[in-house]
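The structure under discussion appears below in the form of structure tokens.
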Amino acid sequence: MSPLISTLKRVLKTRGLTYAELAQRIALSEASVKRLFSQGTFTLERLEQICAALEIDVFELAKLARGEQARAQELTVKQEQQLAKDRVLLGVFYLTYNGWQINDIVAQYELSHAQVFALLRKLDGIGVLDLLPNEQVRLKVARNLRLRRRGPIETAYGRAVVGEFLSPEFDRVGGMFRVEFRELSSASFEVLKRKLERLADEVHELAELDSMLPSADRQTIGVAVGLRPWTVSMVSGLPVRKR
């Protein structure tokens, strides 16, 4: 299967559409759509039609298909150290990583155009992006960038960020939060781990698809995933029978 078709299937999945629903949108039978994907017999016109139905540009699809393998999945320790010691620099890196332009940042935050440009030059010097002519930016890190576990940034801000994230009542700010606990086998535990890993990947995939939208049409969404063996306090407080 070509990378383009694989990516198209991934986009279809992240959009939450079935082959039948896609077929309806492009006025084809479900069987014809399935045949297109299985045989890879897309004309450019048909590909553009499907991309329009999925609300993604053909060039953006090609960019996703090329992948980000050539870019670093993690920052170096030194890069994280430099970002961790400057909260404003880290903030501008985060916004730039999410596709914000200089004017967007100036309009939203108490920073001048010259200050943002100077911070972008620092980020260029750190090696996380290239500052191009006409104030354009090209990232040098992967779109699914992961922070180092217990690295400089997580060490400096991890606990505070998690505490800030968990502090409000989720439903009151338009979110949701659930804690489920049941006794499971080791095999089921591994199944859940894989599902959570896939969910984490889909967060990045959706962000990549939405990165073409103006910053005003996007908001930061926090997703926390966690899974571990755990003895619930209401059980751990019970007296254990001596054997």
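The values are calculated or read from the model by the stated rules, or taken from the named source; none is laboratory data. Bear in mind the structure is a predicted one, so any value in this text is a computation, not a measurement. Cβ coordinates were reconstructed from backbone atoms using ideal geometry, including for glycine residues, and neighbour counts include every protein chain displayed.
Has the stretch 44-51 got at least one residue that is in a helix (DSSP H, G or I), modelled with pLDDT of 85 or more and closer than 27 Å to residue 137 by Cα? Among the residues of the stretch 44-51, at least one is in a helix (DSSP H, G or I), modelled with pLDDT of 85 or more and closer than 27 Å to residue 137 by Cα, which makes the answer yes.
Of all the numbered requirements in (1) surrounded by 12 or more Cβ atoms within 10 Å (Cβ to Cβ); (2) within 30 Å of residue 13 (Cα to Cα); (3) of a type in the set (A, V, I, L, M, F, W, C), residue 156 misses one, and that requirement is (2).
Just a yes or no: is a residue in the stretch 53-63 modelled with pLDDT of 85 or more, in a helix (DSSP H, G or I) and buried (at least 16 other Cβ atoms within 10 Å of the Cβ)?
Yes, the stretch 53-63 contains a residue that is modelled with pLDDT of 85 or more, in a helix (DSSP H, G or I) and buried (at least 16 other Cβ atoms within 10 Å of the Cβ).
For the condition surrounded by 15 or more Cβ atoms within 10 Å (Cβ to Cβ), within 30 Å of residue 156 (Cβ to Cβ) and of a type in the set (Val, Ile, Thr), residue 11 does not qualify.
Among (1) under 29 Å from residue 77 (Cβ atoms); (2) over 13 Å from the mean Cα position of the chain (by Cα); (3) in a loop (DSSP other than H, G, I, E, B); (4) aliphatic (A, V, I, L, M), there is one condition residue 213 misses while meeting the rest; what is its number? Here residue 213 clears every test but (1). Summed over the stretch 148-170, the residues that are part of a helix (DSSP H, G or I), at pLDDT below 90 and among the small types (Gly, Ala, Ser) give a count of 3. Only a single item in (1) more than 16 Å from residue 222 (Cα to Cα); (2) within 20 Å of the chain's Cα centre (by Cα); (3) not small (Gly, Ala, Ser) is not met by residue 165, and it is number (1). Has the stretch 188-200 got at least one residue that is in contact (Cβ under 8 Å) with a residue 24 or more places away in the chain, assigned to a helix (DSSP H, G or I) and of a type in the set (Phe, Trp, Tyr)? Yes, that holds for at least one residue.
The rows are residues; the columns are (1) of a type in the set (Val, Ile, Thr); (2) over 28 Å from residue 205 (Cβ atoms).
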{"position": "54", "(1), (2)": "no, no"}
{"position": "84", "(1), (2)": "no, no"}
{"position": "92", "(1), (2)": "yes, no"}
{"position": "117", "(1), (2)": "no, yes"}
{"position": "122", "(1), (2)": "no, yes"}
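Listed by first and then second residue, the pairs with beta-carbon distance under 9 Å, at least 6 apart or on different chains, first residue in the stretch 16-33 and exposed (fewer than 14 other Cβ atoms within 10 Å of the Cβ), second modelled with pLDDT under 90, are 18/12. For the residues 166, 209, 213, 199, the requirement of being surrounded by fewer than 12 Cβ atoms within 10 Å (Cβ to Cβ) and closer than 14 Å to residue 98 by Cβ singles out 213.
Here residue 222 meets the list (1) under 13 Å from the mean Cα position of the chain (by Cα); (2) free of Cβ contacts under 8 Å to residues at least 12 places away in the same chain; (3) in a loop (DSSP other than H, G, I, E, B) almost entirely, failing just condition (2).
Residue 146 fulfils the conditions (1) of a type in the set (D, E, K, R); (2) touching a strand residue (DSSP E or B) at 6+ places or on another chain (Cβ under 9 Å); (3) within 30 Å of residue 16 (Cβ to Cβ) except for a single criterion, (2). The set of residues in the stretch 230-243 being free of Cβ contacts under 8 Å to residues at least 40 places away in the same chain and part of a loop (DSSP other than H, G, I, E, B) consists of 231, 237, 238, 239, 240, 241, 242, 243.
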